[in-house]
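The values are calculated or read from the model by the stated rules, or taken from the named source; none is laboratory data. Bear in mind that the values here come from a model prediction, so they are computed numbers and not experimental data. Note: ideal-geometry Cβ built from the backbone for every residue, glycine included; neighbour counts use all protein chains shown.
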Amino acid sequence: MTNSLRRGSIAIVGAAESELGLCAPGTTPYDLMAQASYRALADCGLQLNDIDGVFTATSQARFSSLGLCEYLGLKPRYQDNTLMGGSSFMSHVAHAMAAINNGLCEVALIAYGSTQKSVSRAAASPREYNAYETPYKPFLPTSAYAMVAARHMYQYGTTREQLAEVAVAARKWALMNPVAWEKKPLTIDEVINARMVSAPLTIRDCCLVTDGGGAIILTSAARAKDLKQKPAYVLGVGEDLSHIGISGMPDLTVSGAAISGPKAYAMAGITPKEVDLAMLYDAFTINTILFLEDLGFCAKGEGGNFVANGGIAPGGHLPVNTNGGGLSYCHPGMYGLFLLIESVRQIRGECGDRQVPNCEIALAHGNGGVLSTQATVILGGQGN
Amino acid sequence: MNEFDLAEASPNGIYMDYCQKDQLAFQRSPSGKAIFYPRIVETKTGEGLRWELSQGLGTVYSTTVIYSRDEKPYNVALIDVDEGYRMMSRVEGVEPEHVRIGMRVQVRMKTFDDGKKYPIFTPDKEAL
């Protein structure tokens, strides 16, 4: 294991989004994966036939690595379509590191595509039947996160306004991202007074429903040095799986990020204080608060205060979700790959108005299901 | 303990049979731990489990109100049942917005649209 997962041993060398937002009728998840894959290849200067490892996930296909390989005409030496929701791609980064370090492949492609806005969320991501939850008709995933928010408010005094701060901060960052879905400012009052979906969460506490895809390309640190772009080295990875249904989550106020985060920090040899950018999977406003706590940016229960008064907005004490997040930039259903793409771009320094000055270390934290799977990747501008 | 015979009955089938008889059942491990949802073996140990009936008293651990376009707002909650396990359910007999974390609740069986009885909870009269 120690040999498989080594700090700085691989790097993300190419990164790109596909078309985002709303695609033309008939667009498939594979169209988006293929478009993002070729854009990521162009970004790093590699060719399709350089790719010998393929890692994919989408809610719209069971055999997505097979589907993408057929589409592109690839016969990779190694493939993996691990599916654990929105954090799948962080897990793919860890798996790609192990595969590259063990000689199973040399150049890994991680790709994602979703047309959930075009085909509807119900069609893109049908809910599995749970005999002990489904009969009560929770509106999932929202109701699960709503109960997490309610419990966090009860236990720590987190306020409705503090939840809204997360959405407002995301919107402020999104206004500096030309490809973000949302284009208009948002106020705390607008979040609180928006249509209630599952109390205490309103529609503005919930991520967007968009189409979209992305791709990143990874290779060994040695090979990365000779490519077009500044490498974003993978310094640390950590994963945790806990529960499939929200009724199985042991403590609604503590996520598996409290396990995946410390694993990633230990591998990277850093502390939260050294993180310049935190990309935290904001499927709902409560997520950001929970992950700030569980990843050690503040103490448990202090997340609400941390985000208050623009704490994570531009000019705040920590840049969080600078692309505008799942709340305001894009959210095709399994958003984790976009956290990695933004982290790479910030480390390269190509983010224009929203660029974090001297962004050396970025943390990308993925979440899947109903806080069910957590995976953390720490990237750095310097390898070993 | 004998291996669970899935050709004869499933954990969910047994649980639902109890529900139809107005009984809330859960499983207990040899070491005394309450297990829910029903399984063929205990988590972590793989030990066999025996069925027990719950007194049906519990405390609301968390709660939400769902505002659907198709029906009136309704409650979904997580209940910490006194025997030591947590389950999803609904709290009824009170406005959904008035369900509070920490509220004491009592189980009752309710017939759902599929014609089967499921456990829901109402505020505990003793506590009111």
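Evaluate the stretch A:130-150: report whether one residue or more is over 17 Å from A:Gly245 (Cβ atoms) and in contact with a helix residue (DSSP H, G or I) (Cβ under 6 Å, 6 or more places away or on another chain).
yes
If a residue must be of a type in the set (S, T, N, Q) and in contact with a Pro (Cβ under 7 Å, 6 or more places away or on another chain), how many such residues does the stretch B:2-48 contain?
2
Quick test of your reading of the structure: B:Leu6 fulfils all but one of (1) surrounded by fewer than 14 Cβ atoms within 10 Å (Cβ to Cβ); (2) within 10 Å of chain A (Cβ to nearest Cβ). Name the failing condition by number.
Unmet condition: (2).
Matching residues to (1) at the interface with another protein chain (Cβ under 9 Å from one of its Cβ atoms); (2) farther than 18 Å from A:Pro332 by Cα:
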{"site": "A:Tyr112", "(1), (2)": "no, no"}
{"site": "A:Glu128", "(1), (2)": "no, yes"}
{"site": "A:Tyr132", "(1), (2)": "yes, yes"}
{"site": "A:Tyr136", "(1), (2)": "yes, yes"}
{"site": "A:Ala146", "(1), (2)": "yes, yes"}
{"site": "A:Gln155", "(1), (2)": "yes, yes"}
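Could you list all residues from the stretch A:227-260 that are buried (at least 20 other Cβ atoms within 10 Å of the Cβ), more than 10 Å from chain B (Cβ to nearest Cβ) and hydrophobic (A, V, I, L, M, F, W, C)?
A:Ala232, A:Val234, A:Leu235, A:Val237, A:Ala257
Wholly within the stretch B:20-124, which strands (runs of 3 or more DSSP E) include no fewer than the required count, namely at least 1 residues that are in contact (Cβ under 8 Å) with a residue 24 or more places away in the chain and within 14 Å of chain A (Cβ to nearest Cβ)?
B:25-28, B:57-66, B:74-81, B:85-89, B:104-111, B:117-123
In the stretch A:69-96, which residues are touching a residue at least 40 places away in the same chain (Cβ under 8 Å) and in a strand (DSSP E or B)?
Hits for the stretch A:69-96 are A:Met84, A:Gly86.
Quick one: how many residues across the stretch B:14-61 are more than 14 Å from the chain's Cα centre (by Cα) and buried (at least 16 other Cβ atoms within 10 Å of the Cβ)?
Summing the residues that are more than 14 Å from the chain's Cα centre (by Cα) and buried (at least 16 other Cβ atoms within 10 Å of the Cβ) in the stretch B:14-61 gives 6.
Which residue is nearest to A:Gly383 (Cα to Cα), if the candidates are limited to the stretch A:267-280 and must be touching a strand residue (DSSP E or B) at 6+ places or on another chain (Cβ under 7 Å) and not β-branched (Val, Ile, Thr)?
Ranking the qualifying residues of the stretch A:267-280, first place goes to A:Ala268.
If you check A:Ser114 against the conditions, is it among the hydroxyl-bearing types (Ser, Thr, Tyr), modelled with pLDDT of 95 or more and within 30 Å of B:Asp17 (Cα to Cα)?
Considered against the rule, which asks whether it is among the hydroxyl-bearing types (Ser, Thr, Tyr), modelled with pLDDT of 95 or more and within 30 Å of B:Asp17 (Cα to Cα), A:Ser114 comes out as no.
If we scan the stretch A:268-281, do we find a residue that is modelled with pLDDT of 95 or more, within 19 Å of A:Leu163 (Cβ to Cβ), in contact with a Phe, Trp or Tyr (Cβ under 9 Å, 6 or more places away or on another chain) and in a loop (DSSP other than H, G, I, E, B)?
Checked the stretch A:268-281: at least one residue is modelled with pLDDT of 95 or more, within 19 Å of A:Leu163 (Cβ to Cβ), in contact with a Phe, Trp or Tyr (Cβ under 9 Å, 6 or more places away or on another chain) and in a loop (DSSP other than H, G, I, E, B).
Does A:Leu20 satisfy being in contact with a strand residue (DSSP E or B) (Cβ under 9 Å, 6 or more places away or on another chain) and either free of Cβ contacts under 8 Å to residues at least 24 places away in the same chain or surrounded by fewer than 24 Cβ atoms within 10 Å (Cβ to Cβ) (or both)?
The answer is yes for A:Leu20.
So which of B:Gly84, B:Gly93 ends up being more than 11 Å from the chain's Cα centre (by Cα), within 28 Å of A:Ala194 (Cα to Cα) and either modelled with pLDDT of 95 or more or aromatic (Phe, Trp, Tyr) (or both)?
Checking each option against the conditions leaves just B:Gly93.
Please pick out the residue among A:Ala99, A:Ala174, A:Ala131 that is without any contact (Cβ under 8 Å) to a residue 60 or more places away in the chain, among the small types (Gly, Ala, Ser) and over 30 Å from B:Met88 (Cβ atoms).
None of the others qualify; the one that does is A:Ala99.
Can you tell me which residue within the stretch A:36-73, out of those that are under 23 Å from A:Ala98 (Cβ atoms) and out of contact with any Leu (no Cβ under 9 Å at 6 or more places or on another chain), is surrounded by the fewest Cβ atoms within 10 Å (Cβ to Cβ)?
Going through the qualifying residues, I end up with A:Phe63.
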